[in-house]
Every structure is written in C-alpha cells, then in structure tokens.
Amino acid sequence: MKKDNRFEIRIAGFGGQGVVTIGKVLGSAFTIYEGLNSVNTRSYGPESRGGACRSEVVVSQGEIHYPSVRKADVLVALSQTALDKYMKDLKEDGILLVDPNSVKDVPKGFVYFKVPAMEIAHSVGNVKFQNSVVLGALAAILESMIKKESLKLAVSENVPPNTIEKNIEAFEAGWARIVTAKLAVAE
Amino acid sequence: MDETVLGEKKYRGEFIKPGRHYLEGSEACVEGALLAGMKVYAGYPITPASEIMEHASRRLPQFGGRFIQMEDEISAACTLIGASWAGAKAMTATSSPGFSLMQEAISFSIMTETPLVIVDVQRPGPGQGYITTSQEDVMQARYGHHGEGPIIALAPSSVQDMFELTIEAFNLSEKWRTPVLIMAEETVAHMREQLIVPELDTIEIIGRKKPQGLGITPENYLPYGHELVPPMANFGEGYNINHVSLAHHADGNVGNYSLKAHRENIERLHQKIEGSVNEIARVESQFLGDCDHVLICYGSVARTGLEAVKEVRELHGIKMGFIRLVTLWPFPEEILRNLISTVKTVFVPEMNLGMMKHPIAEALRDKCDQVISIPEIGALHNPEKLVDKVLEVSTC
C-alpha cells in the first residue's frame, strides 16, 4: 500500500450478522497492531436486528480525511440485498466475499470468494460466530496487508471473554475455508 | 488515577492510559470528560447520543462520580445546574429533540453563570426527525434559548477532537463560568479511529475561580460581581449565594430592580463571551496563501471538505483554500476576516440547508464575490459532490 493511498473495505448485511463487529475488529487490528490509520464507520436503520446494516473500514498509511468508502477495494456481502446495493461501488478488480447461502446472484463473470459463514458458525456452535468466520476469511484474503495474528488478537479483545475460544475456532475455520477453497466464477 | 473519598468509601478510577487507542467518538468524549474532572452525568437516552450515556454509566461510578438517568432531558439539564453549584463538574449528552428540551436550562445557566457541558449529537429534524447525522442545530445552539445570552459551542470532527474538545469544553465552562455546547454529529460520535492520549500531566485542566483564592470574605462576596468573570463560591462553603436567573444585581439581589441594572448585567454577560471571542474561538486553515476560492466548513464535514480541497488542487489545479471552524460560537468573525484577503467564491458545505453560511457571508461580505452553500440532509456529503460544485462554479 502506497502512502496516502486509501484501502477501503465495506461489510454489509442485516443487523444481527455481526456486520458492525467485523468493522470494529478490522479497524482496531489495522490501527493497534499494524500501526496504520483506519477509520471505521457504520450505518443503521431505525430497526436493529434484521434491518439493513453496513460497516466500513478505510485504511491508509497517511491521514484519512473523508471517513467513508468512495470506491471499495473489498465488499463483504452477507445478504443479496447488500450485494445488489453495493456491487456498483466495488472496484472492477475489487475483492468480493459472499455467504453463498444468502447471496445467490452475483454479476456474471465476476471472480469472488464464497464462505458459508452462517453454516460454518453453526457447526462451531452458534450462528453468532459468523463474524469471526468472516474475519478469519478476510485474514487469509488480505494476508499481504495484515498479519493473521493481529486480527486474532483483535478478535479476542472484542468478543465476550467466555466466547473467545469459540470465536477463535470460528476464525480458524473461516481462514481454512479460504486457504483450501478455489475462487468461484459467477455464471 | 483519581482518588475520591465519598463518605467511608474510597474510589480509585483509572484514567485512560497515554498512548494509542482505537475508540468510538462517544467513548473518547467520556474519557476526556473524566480527565477534565467530570463528577456528575445526568442524562436521558436518545439515538444517536446513547453511547455517551452508556459509557458514562460504566466509567463514572469507578471514580465515585454520580451517574443518574433522569426522567427526561429537562430534568437532566437542570440536574447539571444543581451539581455545578454543589461544586461538581457536570455533563450530559443528548440529540436534537432532547436538545430542544434543554434550552430553558441553557438560558438559565447563562444568566446564573453556571459552568456545565452539554453534548448535542445532532440528528436530522424537525420533530423527532430521523436518526442519522446532521448539523441542523447549529443555529439553535446560539439562538435556541430565549434572551440575549451568548454561548460557547465547539464542533468536533474526529475521535481525537471528541476527546480534546470535551476537555476544552470543561475548561472553557469553568474559565468563563458559562455553559459550553459540543455540537457533535452522529458521524463523529459513532466513528472509530485512532486516539492518541498524551502524558496525563501535560493535559491542562482548568478549575473555577473561587472567592477564597482572591481573599474575598463571605461578607464581601458578590456572586455576580467583582470581575468580568465573577468568582464562584460553591453551595455550602459559607458564602451566601442568591442563585437566581431573574435580572439581578451583583450581589444576587432582585429588589430595587431597574432597567439600568438589567442592561449592565446583560452587557457584561455579552462582553464576557463575545468580547473575548478572539481568546475563546479557534479556526484551522490550510492552503490560504494564494487561493482564488475558499471552502469553509466545520464538524465532520471538514473531513470531506479537506479531501475535496486537496483533490481540486491536485487533480484540477484550482487554487482552493480550506478553513475549519473549530468554534462555532462565539462566531470568529475577526479571525476569519484576518485570514482571508479577497477571494472569488466562498463555498460552505453543511449538513443542513445553509445555516453557518449566514454569519460567514456577513463576516466576509466585502472579501468575496459570492458565498455558495452546499447543503446535505441526513448524511455526510461525499467528496464528489463538493468537487463537482467547485468545478461547476470555478470554470464558468
């Protein structure tokens, strides 16, 4: 990443999927453990659980003025609505990560990552861990930008202490899924 | 560490540690308030200000402070007045509809010269309005309360500001014996980013001027007299205080009322804040050396503003200057006039339909050809909107 270049990550889905937590953990990992500047913003509707929800992280070695995403480098879409709404703001060579159980319709020809976050979280023990699955997947995808250890530490600091073990298990499962997975190409 | 003894109990709250943190604006605000010496928080929850209240409820009791959830915003603001006269630094946070309810207490505090801090995490209105971000209360901050009461209002644009300007707000309120408003927005209150906390002993904390320290005895004490900023005795220190918002003499007496006495009182209150504007108010600026145009903004819009100014300079070669109002009120008219010689266009982006545009236009009436408002409702402008407007105006 060049100095002053912005790297922009957008996570979108429904309230209750851990969208806000993913942004918070990513942002703190970049700033506290990687020494980069990062700004994390969130948007929400009047509803909480079930309403549309978005979280954004802008990362830079330099100062970050405008705090929100201008043209996303990474889009994590955890619902079809989120993908439909934000696909247009993703760079052409941007990284797309979706939960294939929620997102069925990806624009033709686009190369993207599939991580069934909710399914994996469920197998770990609770669908609430899906944010850690996504964070594990992102750790593998963004390997050149951020150390896996940094994100793991940030996960541990931002989840309830009695759930750290399970969250890390979910994180590792998300990581493993990317390492072993092949990229999908939308038909 | 702050050691407080209340009754039999000792409290040893741990202040935020010096160094790098990753915090939300709301949390940074409370951490700043604790360092400034906040001992009372009375509030009523409301989106998007509730996070300040939540964080205060967790942290303040660790310092032996009093956290009180009141029945509404009116009582919350009034509780601060009582707390302040009992000697405690006090703060509340609310959002726009609640800010309306606090106007009476603000007016009362100006007249009784009561230091307190109110954070307005603005959301769009009128009425209950919506729950996103806004700068629609910046005029209410100055003119929402009845009467000729000057106010100090600050506009944070980062998490660092939420920390530093909260400390500054307490300092200003104690120094000038007046309520101070922090006109935050949802954007800056919910934003997470780096906060650098300096070594704690380097942070300046200002306490109120006391009659004891000036050698003023109870018999000779004038709660609204002696100096431009009168020394303030707390209740229970043996000084008689007529705590009254009715027009009063320097001793607090409301008898022998005369219009002359009232005028003198109002003039001093006005002089205290408006007459000290150059000492109180701050602005930040960049690229003013050779600019043809200037963009003036405040709060989180200053972030979009600076991004847009850099872009039109670098990509389009437009000589554009940047000014951020850190202080909204008292309005820094003279400071602004001294910063700008003459320019063609002044752009004022705001998250309202054009409010601070008016005092800006008045201040720069003979220094620019035109003042153009760039309004946005309920959301932060994206930089493209500002860049497009600047290109449209500057190339025609």
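When B:284, B:311, B:307 are screened for being modelled with pLDDT of 95 or more, more than 20 Å from residue B:384 (Cβ to Cβ) and within 14 Å of another protein chain (Cβ to nearest Cβ), only B:284 passes.
Given A:6, A:70, which one is within 14 Å of another protein chain (Cβ to nearest Cβ) and buried (at least 19 other Cβ atoms within 10 Å of the Cβ)? Show your work before the answer.
Numbers: A:70 fails: buried (at least 19 other Cβ atoms within 10 Å of the Cβ).
Selected residue: A:6, the only one of A:6, A:70 that is within 14 Å of another protein chain (Cβ to nearest Cβ) and buried (at least 19 other Cβ atoms within 10 Å of the Cβ).
In the range A:9-29, the qualifying residues are those that are part of a helix (DSSP H, G or I) and touching a helix residue (DSSP H, G or I) at 6+ places or on another chain (Cβ under 8 Å), and the one that is nearest to the other protein chains (Cβ to nearest Cβ) is A:28.
Look at (1) surrounded by 15 or more Cβ atoms within 10 Å (Cβ to Cβ); (2) among the aromatic types (Phe, Trp, Tyr); (3) under 26 Å from residue B:145 (Cα atoms) and you find that residue B:239 fails only one, number (3).
The range B:1-96 holds helices (runs of 4 or more DSSP H) entirely within its bounds, and those carrying 3 or more residues that are surrounded by fewer than 22 Cβ atoms within 10 Å (Cβ to Cβ) map to B:50-59, B:73-85. For residue B:104, the stated conditions do not hold, so it cannot be described as farther than 25 Å from residue B:211 by Cβ, assigned to a helix (DSSP H, G or I) and touching a Pro at 6+ places or on another chain (Cβ under 9 Å). Evaluation of residue B:374 against the conditions (1) away from every other protein chain (no Cβ under 14 Å); (2) closer than 29 Å to residue A:44 by Cβ; (3) out of contact with any Gly (no Cβ under 9 Å at 6 or more places or on another chain); (4) of a type in the set (A, V, I, L, M) shows that the sole unmet condition is (3).
Against the test of being under 26 Å from residue A:155 (Cβ atoms) and of a type in the set (D, E, K, R), the options B:66, B:12, B:58 yield a single qualifying residue, B:58. Residue-level analysis places residue B:336 outside the set of residues that are at pLDDT 95 or above, buried (at least 22 other Cβ atoms within 10 Å of the Cβ) and within 24 Å of residue B:159 (Cβ to Cβ).
Within the range B:349-384, the residues that satisfy the criterion of being assigned to a helix (DSSP H, G or I) and surrounded by fewer than 16 Cβ atoms within 10 Å (Cβ to Cβ) are B:358, B:362, B:384.
Of the listed requirements (1) touching a residue at least 12 places away in the same chain (Cβ under 8 Å); (2) over 15 Å from the mean Cα position of the chain (by Cα); (3) over 23 Å from residue A:56 (Cβ atoms); (4) not in a loop (DSSP other than H, G, I, E, B), residue A:165 misses just one: (1).
Restrict the check to the range A:137-145 and report whether at least one residue is part of a helix (DSSP H, G or I) and either of a type in the set (Asp, Glu) or touching a Ser or Thr at 6+ places or on another chain (Cβ under 7 Å) (or both). Show your work before the answer.
The first filter runs over the range A:137-145 and keeps only residues part of a helix (DSSP H, G or I), leaving A:137-141.
From what is left, the residues that are either of a type in the set (Asp, Glu) or touching a Ser or Thr at 6+ places or on another chain (Cβ under 7 Å) (or both) are none.
The answer is no; no qualifying residue exists.
Please give the helices (runs of 4 or more DSSP H) falling wholly within the range B:257-348 in which 3 or more residues are closer than 21 Å to residue B:135 by Cβ. Lay out the reasoning, then the answer.
Working: elements: B:259-273, B:277-280, B:301-316, B:333-339.
Result: B:301-316, B:333-339.
Pairs meeting the criteria (first residue in the range B:370-383 and not assigned by TED's automatic domain parsing to the domain that holds residue B:121, second residue β-branched (Val, Ile, Thr) and assigned to a loop (DSSP other than H, G, I, E, B), beta carbons under 8 Å, at least 6 apart or on different chains) are B:378/B:132; B:378/B:133; B:379/B:132; B:379/B:133; B:380/B:133.
For residue B:125, the conditions (1) of a type in the set (Gly, Ala, Ser); (2) touching a Leu at 6+ places or on another chain (Cβ under 7 Å); (3) modelled with pLDDT under 95 are fulfilled apart from (2).
No other residue among B:244, B:277 is among the hydrophobic types (A, V, I, L, M, F, W, C), at pLDDT below 95 and surrounded by 14 or more Cβ atoms within 10 Å (Cβ to Cβ) apart from B:244. Scanning the range B:292-304 for residues that are in contact with a strand residue (DSSP E or B) (Cβ under 6 Å, 6 or more places away or on another chain) and either buried (at least 24 other Cβ atoms within 10 Å of the Cβ) or within 14 Å of chain A (Cβ to nearest Cβ) (or both) yields B:294, B:295, B:296, B:297, B:298, B:299, B:300, B:301, B:302. From the list A:93, A:105, A:99, A:89, the one residue that fits, being acidic (Asp, Glu) and within 14 Å of another protein chain (Cβ to nearest Cβ), is A:89. Return yes or no: is residue A:60 over 26 Å from residue A:34 (Cβ atoms) and either of a type in the set (Ser, Thr, Tyr) or at pLDDT 95 or above (or both)? No.
Checking the structure you have, find out if any residue of the range B:223-230 is among the hydrophobic types (A, V, I, L, M, F, W, C), without any contact (Cβ under 8 Å) to a residue 24 or more places away in the chain, within 24 Å of residue B:276 (Cβ to Cβ) and not assigned by TED's automatic domain parsing to the domain that holds residue B:160. The answer is no; no qualifying residue exists.
Pull up the range B:69-107, narrow it to residues that are touching a strand residue (DSSP E or B) at 6+ places or on another chain (Cβ under 9 Å) and β-branched (Val, Ile, Thr), then point me to the one that is farthest from residue B:241 (Cα to Cα). Looking at the filtered set, the residue picked out is B:94. When residue A:82 is tested against (1) out of contact with any helix residue (DSSP H, G or I) (no Cβ under 7 Å at 6 or more places or on another chain); (2) more than 14 Å from chain B (Cβ to nearest Cβ); (3) in a strand (DSSP E or B), only condition (3) is not met.
The values are calculated or read from the model by the stated rules, or taken from the named source; none is laboratory data. In this text, all values refer to a predicted model and were calculated from it rather than measured experimentally. When we count neighbours, we look across all protein chains shown, and the Cβ atoms used for this are built from the backbone with ideal geometry, even at glycine.
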